[in-house]
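Participant: Quick one: structure below, then a few questions.
Derivation of every value follows stated rules applied to the coordinates shown; laboratory data play no part. Values in this document were obtained by computation on a predicted structure and should not be read as measured data. Cβ: placed from backbone, ideal geometry, glycine included. Neighbour counts: every protein chain shown.
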């Protein structure tokens, strides 16, 4: 019965989804276990092998089964509605392509772009965060809806092409319900790959700061290393404890070959109940929240000294007498955690390395305000680049005294991320194309047999398949890369320079390399002549 057909198809989808999910989880866990030692070396701390987000793995399993089951429901419904005569004929009606509205697709793309431009700073308010999420979703859906229209646009190349290419383009257009869905998947995968490549390139060559530290610097902290965008509290230490920590830092400097040590103090305000660590003075910015306004902590306020200001080409003696604050931050700033006070007439500093202190109060201003100071960090500078072996020894010494230590992030990790994203995107896109081309070519097996009977050689069959694969890959690469640049450009509208270092090699691999590989693969794998004879 029709019900039995639907149940069989849907059950098949669920089983396939479950098998795929289990295999994916097993492969992912095995890869993770194998990669843990390498990751520990890269991030420079111990990783608990099985301390993974099991809830996320379980959610992925459920989603895999649910999506596979849902994907089987529509074909099951179509098969159940197929007449017995059509089923026995072996030529069921071709699925009709859904006529997506070009107007809706363009409106979604425009709406998503505008939302990304308006909500480019998600940390400013929760509304911006919603705009960022909504804009990303709208842009993705808009580009996906453009996929069938892009398939239709291939018709412009049919007129001056060879017979095989015209047939390939015609098949893509005729079966654009399948080819459009495949193009949407390819575009989405390549858009994610291109976005990772472009974003990591911007991070690698960011003009605001050349990394966290120089290769000849170490930053030793009394407290924990803060996460990206966070400010870690400074633990309270007695003078005797600070003296012991100073001695340990000098040991590390001696280990590195008599390196220079710059002690860095934070400004400390009056004692406050319920505050974790020292009541250190921080700089904040005012942001909108549902209840009104709040203050977002941006950085600790450090006490200026000549050897630190040298990194910014300044000295205390050269500062105007009225100068209180020097900072790399821009915009309206406030003192915290005391009663919020607006910072006035701050002297701007050119941003340098991201982890180095970048906001200072002069000693005179510190004294006028009645604030004190306490040790928070040490900047250690060597005459040559710090090696991994030296860092490992320094880390052990620092850890034994309860301190944390940071060195320059390995920029090669970002390069590996770009290469990995490019390779993964290309491989997934090739897999989707392989399945799609196989489906389309199986649908047109009769046409191929007619071509063979009419004298078509293997070259014609190869050209047909190569043109199908290459056309899909080319459209997917253009749509995906264009969508990635459109979204990132809108999100960085106020700072387009961040996207100026174009990762040419990796984008060439996506935009040009993928279509060439797809076409070459189709050519090499499609020369086998059909063994099915025509009736008669």
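Participant: With label points built 7 Å along Cα→Cβ from the Cα atoms of residue 392 and residue 67, find their separation and express it in nm.
Facilitator: Here the answer is 4.1 nm between the modelled labels.
Participant: Still on this structure, please answer the following. Grab the Cα-Cα distance for residue 251 and residue 520, subtract it from 0.36 nm times how many residues apart they are, and report the gain in nm with one decimal.
Facilitator: The span from residue 251 to residue 520 would gain 90.8 nm if fully extended.
Participant: Based on other C-beta atoms within 10 Å, arrange 173, 198 from fewest to most. Let's see the in-between values first.
Facilitator: On the way: 173 18, 198 26.
Ordered from fewest to most neighbouring Cβ atoms within 10 Å, 173, 198 come out as 173, 198.
Participant: Could you sort the peptides 336-346, 16-26, 127-137 by per-residue average Cβ neighbour count (10 Å cutoff), highest mean leading?
Facilitator: Those peptides, ordered most packed to least, come out 127-137, 16-26, 336-346.
Participant: Highest mean first, how do 292-302, 506-516 rank when packing is the count of other Cβ atoms within 10 Å averaged over residues?
Facilitator: The packing order, highest mean first, is 506-516, 292-302.
Participant: Something else about it: Would you mind classifying region 217-406 by shape? Square roots of the alpha carbon gyration tensor eigenvalues, ordered a ≥ b ≥ c; an a/c under 1.5 is rounded, otherwise it is prolate if a/b is larger than b/c and oblate if not.
Facilitator: Prolate is the answer for region 217-406, as a/c is 1.5 or above and a/b outweighs b/c.
Participant: With an 8 Å Cα cut-off and a minimum separation of 6 or more residues, compute the relative contact order for region 217-406 in percent.
Facilitator: Numbers: 331 pairs, mean separation 67.4, N = 190.
That works out to 35 percent.
Participant: Continuing with this model, one more query. Contour minus end-to-end for residue 242 and residue 18, with contour as 0.36 nm per residue of separation and end-to-end as the Cα-Cα distance?
Facilitator: 74.9 nm
Participant: Please work out the Cα center distance from region 454-483 to region 106-149, rounded to the nearest Å.
Facilitator: 31 Å
Participant: For residue 424 paired with residue 344, estimate the spin-label separation in nm (one decimal), with each label point 7 Å from Cα along the Cα-to-Cβ line.
Facilitator: Result: 5.2 nm between the two label points.
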